[in-house]
1. Taking only the stretch 10-26 into account, find how many residues are within 12 Å of the chain's Cα centre (by Cα) and more than 19 Å from LYS57 (Cα to Cα).
2. So, in the stretch 29-57, exactly how many residues are within 14 Å of TYR78 (Cβ to Cβ) and either crowded, with 17+ Cβ neighbours inside 10 Å or hydrophobic (A, V, I, L, M, F, W, C) (or both)?
3. Kindly evaluate VAL73 against the criterion of being more than 11 Å from the chain's Cα centre (by Cα) and surrounded by 17 or more Cβ atoms within 10 Å (Cβ to Cβ).
4. Quick check on my filter: what residues within the stretch 55-89 are among the hydroxyl-bearing types (Ser, Thr, Tyr), closer than 19 Å to PHE38 by Cα and without any contact (Cβ under 8 Å) to a residue 24 or more places away in the chain?
5. Considering every residue within the stretch 18-40, establish whether at least one is farther than 23 Å from SER70 by Cβ and of a type in the set (Asp, Glu).
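Here, each number is a calculation from the coordinates, and none is a lab measurement. Since we're looking at a predicted model, the values are computed, not measured. In this analysis, Cβ positions are derived from the backbone assuming ideal geometry, glycine residues included, and neighbour counts consider all displayed protein chains.
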Amino acid sequence: MSDKKIPLRMCIACRELKEKRSMLRVVKNSDGKIFLDFSSKAGGRGAYICDNPECIKKLKKQRLLNKVFSCAVDDEIYAAIEEEYFGAK
């Protein structure tokens, strides 16, 4: 029996708390570079998105990463997130 806590993070689209390891982390590092962080250990400001297709659509439609990181985010980042969850279209 383990008392180890499961780390939770909030999805920036649906605002629900979910297990950190089940979500995708997007990072803006100190150089201003924005990228997908598959290790969840990269330094910088992180934002999490869950695997709900509605959240992915909302993320892109409302350009939520632009709001979270307070800067323009390339369409390539949004496309990479869609590809990660839905595969190449």
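1. Summing the residues that are within 12 Å of the chain's Cα centre (by Cα) and more than 19 Å from LYS57 (Cα to Cα) in the stretch 10-26 gives 2.
2. So the answer is 7.
3. Details: more than 11 Å from the chain's Cα centre (by Cα): yes; surrounded by 17 or more Cβ atoms within 10 Å (Cβ to Cβ): yes.
It is true that VAL73 is more than 11 Å from the chain's Cα centre (by Cα) and surrounded by 17 or more Cβ atoms within 10 Å (Cβ to Cβ).
4. Of everything in the stretch 55-89, just one residue is among the hydroxyl-bearing types (Ser, Thr, Tyr), closer than 19 Å to PHE38 by Cα and without any contact (Cβ under 8 Å) to a residue 24 or more places away in the chain, namely TYR78.
5. Yes, because at least one residue in the stretch 18-40 is farther than 23 Å from SER70 by Cβ and of a type in the set (Asp, Glu).
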